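Here the structure comes first, spelled out in structure tokens, and everything after it is commentary.
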Amino acid sequence: MSETETPPFRYTAAMAGEIELRWQDFWAANGTFHAPNPTGELADPDHPRAGAPKLHVQDMFPYPSGAGLHVGHPLGYIGTDCYTRFQRMAGYNVLHPMGFDAFGLPAEQYAVQTGTHPAVTTAANVERYRQQLRRLGLAYDDRRSFSTTDPEYYRWTQWIFLQVFNSWFDPAENKAKPIKDLIAAYESGERGPEWAGLSATERRKVIDGHRLAYMSEAPVNWCPGLGTVLSNEEVTPDGRSERGNFPVFKRNLKQWMMRITAYGDRLIEDLDTLDWPDPVKLMQRNWIGRSKGAHVDFALGDHKITVFTTRPDTLFGATYMVLAPEHELVDTIVPGNWPANSKEVWTGGHATPAEAVVAYRAAAAAKTEEERTADAKVKTGVFTGAYATNPVNGELVPVFIADYVLAGYGTGAIMAVPAHDERDYEFATAFALPVVRTIETPEGFEGAYTGDGVVINSGFLDGKNKDDAKAAMIEWLESSRKGQGATTYRLRDWLFSRQRYWGEPFPIVYDETGLPIALPDSMLPVVLPDTDDFSPRTFDPEDGDTEPETPLSRKKDWVQVELDLGDGPKTYTRETNTMPQWAGSCWYELRYLDPHNESAMVDPANEAYWMGPRAEGDCGGVDLYVGGVEHAVLHLLYSRFWHKVLFDLGHVSSFEPFKKLFNQGMIQAYAYQDDRGFYVPAEEVVERDGKYFHGDQAVTRSYGKMGKSLKNVVTPDEMCELYGADTFRVYEMAMGPLDVSRPWETRAVVGSQRFLQRTWRLVVDEETGAVRVTDEPLDPKTRKVLHKVIAGVREDIAELRFNTAIAKLIELTNTLTPLPSVSREAIEPLVLMMSPFAPHMAEELWGKLGHRGSLAYADFPVADPAQLVADAITYPVQVNGKVRGRVEVSPDTPEADVRSAALAAVEEILAGKEPKKVIVVKGRLVSVVV
RNA sequence: GCCCGGGUGGUGGAAUGGCAGACACGGCCGCCUUAAAAGCGGCUGCCCAAAAGGCGUGCGGGUUCGAGACCCGCCCCGGGCACCA
């Protein structure tokens with residue numbers, strides 16, 4: 001292409017670049033996108049949107065990785081930018097901030113490899129991200145940006161930790177309360193007389209046992225390969241670490257936990273107040289895994305085995321019991337010899353029950369998680385030799401151990417009802433155990449019947465239905481002290497400490513008792529100390545018999561600290577674990593509201609304005625939160641939990657952080673491998689006859705994520721260079737609905753560039769640069785098109801349907817292009833409507849049209865309802881479902897006239913046949929049946 | 001196995017139960033040009049040489065005057081969960 005022959009005033013990539021950088025400077029210099037707060041440092045009563053209705057829109061902030069952004073990353077950011085630019089013009093005071101989730105493993109691992117401090121790497125990556133995002137023209141309020149690694153930010157992360165630490169959960173009111181209320185209750189004697197007899201240290205232990213953040217010596221997920229423990233959520237179903245894919249071992253270690261299980265009910269029930277995609281709600285419900293039922297005690301000699309069941313109504317059908325192989329009572333109940341009538345299949349051929357148990361445990365332990373899952377259909381187990389008593393009918397039932405019962409769920413023991421539970425049925429079939437039906441089962445039904453029906457063989461429950469029988473049985477269990485109604489959760493408490501360097505330090509020290517002491521707020525932040533030794537001790541990934549060692553524990557001069565915490569200067573030992581990466585992202589939506597407040601996490605007035613409930617029963621929260629579905633459980637569950645604690649303690653007025661959630665799709669790409677399996681640069685591959693070639697070599701195509709190693713990365717920087725940011729933005733928004741994943745195709749970007757060029761050309765003469773717009777009114781037909789487009793575009797953007805909004809703008813542009821003159825009446829609304837998508841070009845054209853300053857606060861066009869009425873309606877006429885003709889009539893034509901006109905239009909096809917039925921759908925079509 | 005999504009031209013995708021394929025990419029043709037690029041204009045679901053016509057939204061049934069959309073039964077793809085008592 002010869003540059004010299006391109007018209008001098010054409011909208012080219014070079015011109016776009018010049019315009020874009022200039023407007024980015026203008027916006028920054030004028031603080032165009034600053035959003036005013038009701039109070040405090042960011043209040044601005046003179047702002048055009050001060051006191052206007054608010055709209056808080058937020059993206060899931062990124063971890064700033066060393067690789068920078070590829071074209072897939074900003075999809076959601078551009079989406080929210082288009083949406084918020086539109087809503088700002090439509091009158092809202094818009095909060096649209098961006099920050100960085102900058103603690104985390106990659107910077108630390110890079111530090112271990114290179115010696116570069118994570119703070120240095122992180123700062124450089126954040127700066128790179130900022131530049132890339134700025135180049136896209138994203139309209140953030142830059143005063144509200146922060147990184148989770150800023151000490152001024154993590155000061156408040158630590159403060160929230162202390163709020164959680166200094167609280168307990170009152171089940172009576174189903175909410176968190178200050179721990180000092182609990183201490184007062186103990187001191188007043190209202191929680192029993194024991195308190196008076198306890199030593200100071202014993203009292204602290206009692207209190208610590210109630211805190212929402214507590215230390216526990218409990219089985220945790222120890223990952224020697226990473227040198228750290230992991231939360232349940234960070235372990236994959238096959239027992240490996242989500243990061244790094246190392247083996248994970250269950251070990252008893254003393255760790256910090258957060259009592260998220262206390263919030264199980266509210267985390268489930270409040271989902272109903274949220275405007276979230278159903279699959280995400282479902283994933284949260286499943287993860288929390290609430291089941292309602294009962295605990296039932298089965299007597300066994302002097303012992304009792306407590307089981308959890310969701311089907312207390314079937315207790316009369318419990319014909320055996322199963323304990324998890326690891327259950328603590330197993331060794332106690334095993335008798336010396338097999339009882340007389342033990343079946344061969346029960347004993348597994350072993351001489352004594354003890355031998356059988358040892359052998360089964362060894363076999364179960366040797367199975368990998370994968371084998372165990374794969375064998376799920378084949379039930380294994382062994383008889384313990386013991387019999388327990390069914391409390392409801394006094395019958396003796398054999399007690400088995402089997403690995404289909406999990407030690408970690410419920411009580412690790414079940415009553416087995418083969419007639420009405422599929423797993424129990426399979427086991428009973430394999431071990432020749434009796435099946436007693438307690439619910440009437442349809443004739444000819446084989447297997448376990450889990451449906452509803454009339455209760456039978458169940459004494460006082462007979463004749464009831466399933467639900468009534470459940471309630472009656474729970475009542476009976478409670479009154480006869482054989483059990484009680486109970487709810488269990490799959491959700492476990494949140495393991496909150498990590499043995500890593502690059503995270504928030506805990507604001508906790510230990511005194512000589514070894515018990516934790518919260519530092520006062522005045523000592524925050526506890527700054528992460530400098531070091532050149534970043535790595536936790538890591539081990540052979542397969543060696544589970546290892547102990548964690550934190551990087552901070554090696555900083556002896558930091559760990560030992562002299563403080564005056566009220567009773568004179570004393571030496572304390574600091575907590576050397578750090579918080580998990582989730583901590584910083586658990587509350588960042590709140591800090592955006594009041595980012596520089598030094599006396600509070602957020603001023604209550606600012607929180608109430610931006611996030612407070614709008615109506616009775618409204619949960620409040622961010623109005624629109626956009627991000628990937630991969631955070632459906634982890635991040636979204638943890639941040640909901642923290643938000644509820646802050647709500648209970650009175651720090652926020654909203655009880656959910658994110659009112660509406662939107663999951664954007666992924667931009668994916670093709671990758672190509674040669675016959676050796678090596679990836680070849682995707683941009684060098686050409687297609688011939690449906691096959692793909694790199695040079696002369698045939699290559700195979702695969703489809704998935706963009707990645708450096710796949711050699712298929714396309715960056716927004718390249719797109720800005722080749723086409724300009726506006727073209728890139730329009731392309732990403734036009735290529736499909738925001739929530740759908742789709743392949744990237746660089747060569748298709750040119751379509752968006754042509755569209756912007758055509759629009760530009762409507763205003764600017766490409767040869768002279770002169771503005772071509774006239775003040776002549778539009779012809780009536782074009783005016784109708786204009787208003788129809790305005791109405792459609794408004795609706796589409798409000799519903800996040802950017803692709804169809806852009807299609808309508810293209811249609812309008814294509815309608816205006818062939819007209820002899822370019823009317824201001826059409827051009828000004830077009831420029832305003834394009835500004836959410838192509839903001840730089842729109843600003844530039846707005847200036848050329850004679851306006852001063854930015855259009856960011858100009859009124860978004862509104863359609864004139866009078867113009868939305870069509871002049872004429874064309875009715876397609878169907879005969880037996882096929883279109884055979886059409887008639888054009890004026891919109892107010894009476895139905896009878898439409899009908900006769902339509903019949904006339906298809907007279908030939910009817911060929912004299914009398915229509916059986918004629919249906920006139922007003923404004924739509926006419927359907928004739930013969 | 002269970003629970004969610006989703007299958008529409010060569011491609012990305014449009015379509016409150018009412019003319020399937022808007023808009024765009026690609027392709028073909030034309031204008032402009034010494035030429036090419038860019039730009040502009042036209043054509044572009046499939047079958048048939050064309051017209052007329054017929055067939056078309058994963059497959060098979062159904063409801064309806066009318067189904068891409070609703071109902072029933074399958075197939076395929078993507079995601080989540082996976083012995084949770």
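Please treat every number below as a calculation from the coordinates, not as lab data. Small disclaimer: the values here were computed from a predicted structure and weren't measured. When we count neighbours, we look across all protein chains shown, and the Cβ atoms used for this are built from the backbone with ideal geometry, even at glycine.
Could you please report the charge total around A:D674, scoring K, R as +1 and D, E as -1 over all other residues with beta-carbon less than 14 angstrom from its beta-carbon?
That works out to +1.
At most 14 other Cβ atoms within 10 Å and a DSSP loop assignment: could you name the trypsin sites (Lys or Arg not before Pro) in the range A:445-481 that fit?
Of the trypsin sites (Lys or Arg not before Pro), the ones in loops of the range A:445-481 whose Cβ has at most 14 other Cβ atoms within 10 Å are A:R481.
Below 8 Å, C-alpha to C-alpha, sequence gap of six or more: please give me the relative contact order for the range A:375-467 in percent.
RCO, the range A:375-467: 18 percent.
Using 11 Å as the cut-off for backbone N distance, which residues of the range A:232-273 belong to the label zone defined by a point 7 Å from the Cα of A:R290 along Cα→Cβ?
Counting backbone N atoms under 11 Å from the label point, the list is A:263-272.
Report the relative contact order of the range A:870-929, percent, no decimals, based on alpha-carbon pairs under 8 angstrom and at least 6 residues apart.
So the answer I get is 40 percent.
From the phi of every residue in the range A:584-598, what ³J(HN,Hα) in whole Hz does the Karplus formula 6.51 cos²θ - 1.76 cosθ + 1.60 yield, where θ is phi - 60° and glycine or proline is x?
Result, ordered by residue: x, 8, 7, 8, 5, 4, 7, 6, 4, 5, 7, x, 10, 4, 9 Hz.
Which of the listed residues, A:F460, A:I508, A:G412, is farthest toward the dipole's positive end in the range A:407-511, when Lys, Arg count +1 and Asp, Glu count -1 at the beta-carbon?
Final value for the positive-end residue is A:I508.
Mind scanning A:K343/A:K377; A:K377/A:K464; A:K177/A:K205; A:K304/A:K466; A:K180/A:K205; A:K250/A:K556 and naming the pairs with a C-alpha gap bigger than 25 Å?
As for pairs spanning more than 25 Å Cα to Cα, those are A:K377/A:K464; A:K304/A:K466; A:K250/A:K556.
Work out, step by step, the length gained on full extension between A:R361 and A:E745: first 0.36 nm times the residue separation, then minus their alpha carbon distance; give nm to one decimal.
Taking 0.36 nm per residue and subtracting the Cα distance, the gain is 132.7 nm.
Normalised by the number of residues in chain A, what is the relative contact order in percent for Cα pairs under 8 Å and 6+ residues apart?
With pairs under 8 Å counted, the relative contact order is 15 percent.
Distance between the C-alpha centers of the range A:104-178 and the range A:556-630? Whole Å please.
Computed from Cα coordinates, the inter-centre distance equals 10 Å.
In debye to the nearest 20, how big a dipole does chain A give about its Cα centre with +1 on each Lys and Arg Cβ and -1 on each Asp and Glu Cβ?
Dipole size: approximately 1500 debye.
Sort A:S479, A:S900 so the one with the fewest other Cβ atoms within 10 Å of its own Cβ comes first.
Ranked by crowding around the Cβ, least crowded first: A:S479, A:S900.
Return P(r) of the range A:291-488 (all Cα-Cα pairs; 10 Å bins starting at 0; whole %; ordered from short to long distances).
Result returned by the calculation: 9, 36, 36, 16, 2.
In Å and from the alpha-carbon atoms only, list the Rg and Dmax of the range A:870-929.
10.6, 33
Using packing as a proxy for protection, rank A:642-648, A:735-741 so that the peptide with the highest average count of other Cβ atoms within 10 Å comes first.
Sorting A:642-648, A:735-741 by mean packing, highest first, produces A:642-648, A:735-741.
Tell me, A:M523, A:M89, A:M321 in order of fewest to most beta-carbon neighbours within 10 Å?
A:M523, A:M89, A:M321
What is the calculated FRET efficiency for A:A50 to A:A90, with r their C-beta to C-beta distance and R₀ = 22 Å, to the nearest 0.05?
0.85
Please identify the GluC sites (Glu not before Pro) of the range A:12-55 that satisfy two criteria: DSSP loop assignment and at most 13 other Cβ atoms within 10 Å. Which are they?
For GluC sites (Glu not before Pro) across the range A:12-55 that sit outside H, G, I, E and B with at most 13 neighbouring Cβ atoms in 10 Å, the list reads A:E41.
What FRET efficiency comes out for A:E687 versus A:D864 if R0 is 51 angstrom and r is the Cβ-Cβ distance? Round to the nearest 0.05.
That pair, A:E687 with A:D864, gives E of 0.60.
How many nm separate the modelled label positions at A:N803 and A:A28, each set 7 Å beyond the Cα in the direction of the Cβ?
3.4 nm
Under 13 Å from the Cβ of A:R128, count the other residues' Cβ atoms, weight Lys and Arg +1, Asp and Glu -1, and hand me the total.
+1
Just need log10 I(q)/I(0) for chain A at q = 0.04, 0.07, 0.09 Å⁻¹, Debye formula, equal scatterers on the alpha-carbon atoms, no solvent, rounded to two decimals.
Result of the Debye calculation: -0.28, -0.80, -1.14.
Can you compute the charge dipole magnitude of the range A:291-488 about its Cα centre, using +1 on each Lys and Arg Cβ and -1 on each Asp and Glu Cβ, nothing else charged? Give it in debye, rounded to the nearest 20.
220 debye
Going by C-beta contacts inside 10 Å, put A:H350, A:H96, A:H295 in order with the fewest on the left.
Final ranking by Cβ density, sparse to dense: A:H350, A:H295, A:H96.
Enumerate the aspartates and glutamates that A:K917 could reach by cross-link, defined here as Cα to Cα under 20 Å, with residues fewer than 8 away along the same chain left out.
The reachable aspartates and glutamates, counting only those whose Cα sits under 20 Å from A:K917, are A:E895, A:D897, A:E907, A:E908.
Tell me which GluC sites (Glu not before Pro) from the range A:583-677 have a DSSP coil assignment and no more than 10 other beta carbons within 10 Å of their own.
A:E598, A:E616
Before rounding to the nearest 500, sum -39500 (n - 2.57) across all DSSP H runs of length at least 4 in chain A and divide by the residue total; then give [θ] at 222 nm in deg cm²/dmol.
After summing the helix terms and dividing by the residues of chain A, the value is -9500 deg cm²/dmol.
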